[in-house]
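Trainee: Structure incoming, see below.
The numbers here are math on the coordinates, done by the rules we state, and not lab data. Remember, it's a predicted structure, so these values are computed and weren't measured experimentally. So basically every Cβ, Gly included, is an ideal-geometry build from the backbone, and we count neighbours across all protein chains shown.
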Amino acid sequence: MLLAELATLFRRLRVKALLGVLAAIPAALAVAVYFSGGPSSGRGPTFLDQVSHNGMFAALAGLTIAIPFFLPLVVAVVSGDAISGEANLGTLRYLLTRPSGRTRLLATKAATVAVFCLAATVAVALGGLIAGVILFPVGRVVTLSGTTISLAEGMLRTFAAAGIVAASLLGLASIGLFVSTLTDAPVGAMAATAGFAVLSAVLDNVPQTRALHPWLFTHHWLSFGDLLRSPVQWSGIVADLRLQLGYIAVFATAAWARFSTKDVLA
Amino acid sequence: MTGTAAQSRGTLAIETQGLTKRFGDMAAVDGIDLSVPVGSVFGFLGPNGSGKTTTIRVLLGLINASEGSWELLGQPMPDRARRVLPDVGALIEGPAFYPWLTGRQNLVRFDAAGPDAQRSTRKRRIDDALARVGLTAVASKKVKTYSFGMRQRLGLALALLRPRQLLVLDEPTNGMDPQGTREIRNLTKELAGEGATVFLSSHLLSEVEQVCTHVAVMSLGKLLAQGPIAELAGAAATRLRVETDDVAVATQVLERLGLAELSVEGTTVLANLDGHRPEDCNRELVLAGVGVRSLTAIRPTLEDTFVALTGEGFDVAR
């Protein structure tokens, strides 16, 4: 069932287009750096000023650029559509009378959304890597701490970073899944989910809500950069993953409680 | 199948006891006791808004019943849904598919979503179902290019994807051309011939009259009547229709004979026959000197029964 679900998702033009755009972001970034020429002032976003030294950094710069806005938006679109989209098409009634089982369907949807989160971050990383390799020299990697690691290890850490960014998005994805069980209007669910991401990011930047900051699911979103330190700084990443697990537990349970008893009228 | 066997437990494909669904204060389905015998083609009739679709949604476990209990194929629902529903094919309130997938991909997607994937036979089952509804030629076209009638056919293919003991078809001929309607009628008969019970909700009375062995009539959430179609159709009175210029005399004669519910429209007199033989009426009329132009006994149709039960009104009941 999971394979059929994934096939249904990834055959959709909208999903293909989103992944294409995500891959194009770091590529466009790399092209911009290429034509602006030479090392930048060092005041740009993290990793961006390293791109011209080592093309591999285009992938990491892409993730840094994509995570505040593009990735949450895309995840909101796919997770908010998970159940409400089926209701809107009317396919939900045929899935449930097949019978797929409500808990099983929700679990399949959750797994599919998680796979999509990974596909989205890998698309960003791959887009950046390909553009970076074409436009810039590639070689041994200088970490943020100033030490040097092999290119192979740098690549490994880059894809590990993509994995951690994907995991960072799961809290938001579970909010989206919950919202999508509340309505038959997918656009509303997508907008509400994206709204939560914006709200969390805004609160995280307001000093007056400092007490809330450690509990905001966007708070640790840039911690993946710690993978490029030497030695790797795990504390931020661990705090991030722990927080995401908390969000998943709360919102997946809420989604299940709602969906397993819901009257399906669509 | 004998009447007694049909009434005993286990030989009913669908059985509900006091099934009720309330939305707020309104009872969309109000304590219905439905008995659908195994092997019947059961017409489920009612005006728009009478609760037919809500009943079907409750039966299939899409919405929770407020009160009452029900069984499908002798199994208590909704507890045994996982075991029962694979044997039930359904078309509920029109077809619904993923427009960006082809007809075949849609069928694969729904087939794979069940608890009993049976992947080895999937291709053959899909080919058979597509052939049965005449969609083989467009199976690899995207559903967004399908006409409504083609989607309806694909919906039927989905319902026929595996051998079913019970088919629940909600308005299956909706949006179909006359040829398609005919095919559906033949398909329904064919399925019944193979031993499946067909539960057919419709507002097309002529349609139901042609294929159904049993009918039930709903109105305002209540079940007004159910039973073999011959019994229900016979429930309304047979009418006598006399055409004559001597309307006044004819009315007197029929009144004297004891015919009730006399009415006159121009040169036509109508009355309930109430067991009188039409030939006796004719003789009396002629003896009284009435010039009878024509005299007909009008047997009641299902439509008469339906209108007698649910009223004439064209308005949605609520």
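Trainee: Subtract the Cα-Cα distance of B:Arg22 and B:Arg80 from 0.36 nm times their separation in residues, and report this length gain in nm to one decimal.
Mentor: Details: separation 58, 0.36 × 58 = 20.88 nm, distance 2.30 nm.
Length gained, B:Arg22 through B:Arg80: 18.6 nm.
Trainee: Right, another one. Karplus couplings for the stretch B:131-145 from phi (6.51 cos²θ - 1.76 cosθ + 1.60, θ = phi - 60°), rounded to Hz, Gly and Pro as x?
Mentor: 5, 5, 9, x, 10, 3, 5, 10, 4, 9, 8, 5, 5, 5, 8
Trainee: Neighbour counts of other C-beta atoms within 10 Å: give me B:Asp245, A:Asp226 arranged from fewest to most.
Mentor: Working: B:Asp245 12, A:Asp226 19.
Listing B:Asp245, A:Asp226 from fewest to most nearby Cβ atoms yields B:Asp245, A:Asp226.
Trainee: Quick check: the distance between the Cα centres of the stretch A:121-184 and the stretch B:130-164, to the nearest angstrom?
Mentor: So the two Cα centres are separated by 42 Å.
Trainee: Right, here's the next one. Helix B:148-159 against the longest principal axis of chain B: what's the angle in degrees, Cα atoms only, rounded to the nearest 10?
Mentor: Once rounded, one gets 70 degrees.
Trainee: Now, a different point. Using just the Cα positions, wrap the stretch B:195-253 in a convex hull and report its mean projected area in square nanometres, one decimal place.
Mentor: Values: hull surface 27.5 nm².
That works out to 6.9 nm².
Trainee: Let me ask something else. In terms of modelled amide H atoms, which long-range or inter-chain residues lie less than 5 Å from the amide H of B:Gln75?
Mentor: It is none; the list stays empty.
Trainee: For helix B:247-257, what angle does its Cα long axis make with the longest principal axis of chain B, in degrees from 0 to 90 and rounded to 10?
Mentor: 80 degrees
Trainee: Which value, in Å to one decimal place, does the Kirkwood hydrodynamic radius take for the stretch B:216-318 when every pair of different Cα atoms is included? Let's see the in-between values first.
Mentor: Values: mean 1/r = 0.0660 Å⁻¹.
Taking the inverse mean of 1/r over all distinct Cα pairs, the stretch B:216-318 comes out at 15.2 Å.
Trainee: Helix-only mean residue ellipticity at 222 nm, chain B, DSSP H runs n ≥ 4 weighted -39,500 (n - 2.57), per residue, nearest 500. What is it? The partial results should precede the final answer.
Mentor: Numbers: 12 runs with 108 residues, N = 318.
It comes out at -9500 deg cm²/dmol, rounded to the nearest 500.
Trainee: Quick one: work out Rg over Rh on the C-alpha atoms of chain A, Rh as Kirkwood radius. Don't jump to the answer; show the numbers that get you there.
Mentor: On the way: Rg = 19.5 Å, Rh = 19.3 Å.
Ratio of gyration radius to Kirkwood radius for chain A: 1.01.
Trainee: Let me ask something else. If packing is taken as the average count of other Cβ atoms within 10 Å, what order do B:129-141, B:208-220 fall into, highest mean first? Present the calculation step by step, with values, prior to reporting the outcome.
Mentor: Details: B:129-141: 16.6, B:208-220: 21.0.
Highest-to-lowest ranking by the protection proxy: B:208-220, B:129-141.
Trainee: Quick one, could you list the DSSP H helices from chain A stretching 20 Å or more along their long axis (Cα atoms) with average Kyte-Doolittle hydropathy of -1.0 or above? Present the calculation step by step, with values, prior to reporting the outcome.
Mentor: Values: long enough: A:13-36 (34 Å, 1.80); A:102-135 (49 Å, 1.69); A:151-168 (25 Å, 1.19); A:186-204 (27 Å, 1.49); A:235-259 (35 Å, 0.99).
The qualifying helices are A:13-36, A:102-135, A:151-168, A:186-204, A:235-259.
Trainee: Classify chain B as rounded, prolate or oblate from the Cα gyration tensor: take a ≥ b ≥ c as the square roots of its eigenvalues, call it rounded if a/c is under 1.5, otherwise prolate when a/b beats b/c and oblate if not. Don't skip to the end; give the middle numbers.
Mentor: Working: a/c = 2.58, a/b = 2.00, b/c = 1.29.
The shape class here is prolate.
Trainee: Now a separate question. Neighbouring Cβ atoms within 10 Å as the yardstick, rank B:Met176, B:Met26 fewest first. Provide the component values of the computation, followed by the final result.
Mentor: Working: B:Met176 18, B:Met26 11.
Lowest to highest Cβ neighbour count: B:Met26, B:Met176.
Trainee: Taking a ≥ b ≥ c as the square roots of the Cα gyration tensor eigenvalues, with a/c under 1.5 meaning rounded and otherwise prolate when a/b beats b/c, else oblate, which class fits the stretch B:239-299? Intermediate values should be presented prior to the final figure.
Mentor: On the way: a/c = 1.34, a/b = 1.17, b/c = 1.15.
Since a/c stays below 1.5, the shape of the stretch B:239-299 is classed as rounded.
Trainee: Among A:Trp221, A:Trp234, which comes first, second and so on when ranked by fewest other beta-carbon atoms within 10 Å? It would help to have the intermediate numbers written out before the result.
Mentor: Working: A:Trp221 25, A:Trp234 13.
Exposure proxy ranking, most exposed first: A:Trp234, A:Trp221.
Trainee: Using +1 at the Cβ of each Lys and Arg and -1 at the Cβ of each Asp and Glu in chain A, identify which of A:Ser100, A:Leu129, A:Val77 lies farthest towards the dipole's positive end.
Mentor: A:Ser100
Trainee: What are the residues whose amide H is under 5 Å from the amide H of B:Ser219, where those residues sit 5 or more places off or on another chain and H is modelled from the backbone?
Mentor: Amide H to amide H, under 5 Å and 5 or more residues apart or across chains, B:Ser219 pairs with B:Leu224.
Trainee: A further question on this structure: Thinking of the stretch A:95-225 as a set of Cα atoms, what percent of all their pairs are more than 19 Å apart?
Mentor: On the way: 5444 of 8515 pairs.
The calculated P(r) of the stretch A:95-225 puts 64 percent of pairs beyond 19 Å.
Trainee: So if I place +1 on the C-beta of Lys and Arg and -1 on the C-beta of Asp and Glu, and nothing else carries charge, what would the dipole magnitude of the stretch B:158-313 be about its Cα centre? I want it in debye, nearest 20. Present the calculation step by step, with values, prior to reporting the outcome.
Mentor: Working: 13 positive and 22 negative charges, 87 e Å.
It comes to approximately 420 debye.
Trainee: Now a separate question. Between the stretch B:204-255 and the stretch B:87-115, what is the separation of their alpha carbon centroids in Å?
Mentor: What the calculation gives is 40 Å, centre to centre.
Trainee: Would you compute the Debye intensity of the stretch B:1-159 from its alpha-carbon atoms alone, equal scatterers and no solvent, and pass along log10 I(q)/I(0) at q = 0.08, 0.12, 0.13 Å⁻¹ to two decimals?
Mentor: -0.29, -0.65, -0.75
Trainee: Something else about it: Quick one: Karplus J couplings for the stretch B:59-70, per residue in order, coefficients 6.51, -1.76, 1.60, θ = phi - 60°, nearest Hz, x for Gly and Pro?
Mentor: Once rounded to whole Hz, the list reads 4, 8, x, 7, 10, 7, 6, 7, 8, x, 9, 8.
Trainee: While we're here: Could you tell me the distance between the Cα centroids of the stretch A:197-217 and the stretch B:9-45, to the nearest Å?
Mentor: 53 Å
Trainee: Still on this structure, I have one more. Between B:Phe199 and residues 5 or more places away or on another chain, which pairs have amide H atoms under 5 Å apart, with H built 1.01 Å from N, and which residues are they?
Mentor: Placed amide hydrogens put B:Phe42, B:Leu167, B:Val168, B:Leu169 under 5 Å from B:Phe199.
Trainee: For the protein assembly as shown, give the magnitude of the charge dipole about the Cα centre (Cβ charges: +1 Lys/Arg, -1 Asp/Glu; no others), in debye to the nearest 20.
Mentor: Dipole of the protein assembly as shown, to the nearest 20 debye: 2820 debye.
Trainee: Would you work out if the stretch B:114-265 is rounded, prolate or oblate? Take a ≥ b ≥ c from the square roots of the eigenvalues of the alpha-carbon gyration tensor; rounded if a/c is under 1.5, else prolate when a/b is larger than b/c, oblate otherwise. Walk me through the numbers on the way to the answer.
Mentor: On the way: a/c = 3.76, a/b = 2.61, b/c = 1.44.
Prolate.
Trainee: Average partner chain C-beta neighbours within 10 Å, per residue of B:149-156? Could the numbers behind the result be given before it?
Mentor: On the way: counts 0, 0, 0, 0, 0, 0, 1, 0.
Whole-number average of other-chain Cβ neighbours for B:149-156 is 0.
Trainee: So how tilted is helix B:278-287 from the main axis of chain B? Cα-based, degrees 0 to 90, rounded to 10.
Mentor: 20 degrees
Trainee: I'd like to know how the protein assembly as shown sits against the 2.2 N^0.38 Å rule of thumb: what's its Cα Rg over that expected value? The partial results should precede the final answer.
Mentor: Values: Rg = 33.5 Å, N = 584, 2.2 N^0.38 = 24.8 Å.
Normalised Cα radius of gyration, the protein assembly as shown: 1.35.
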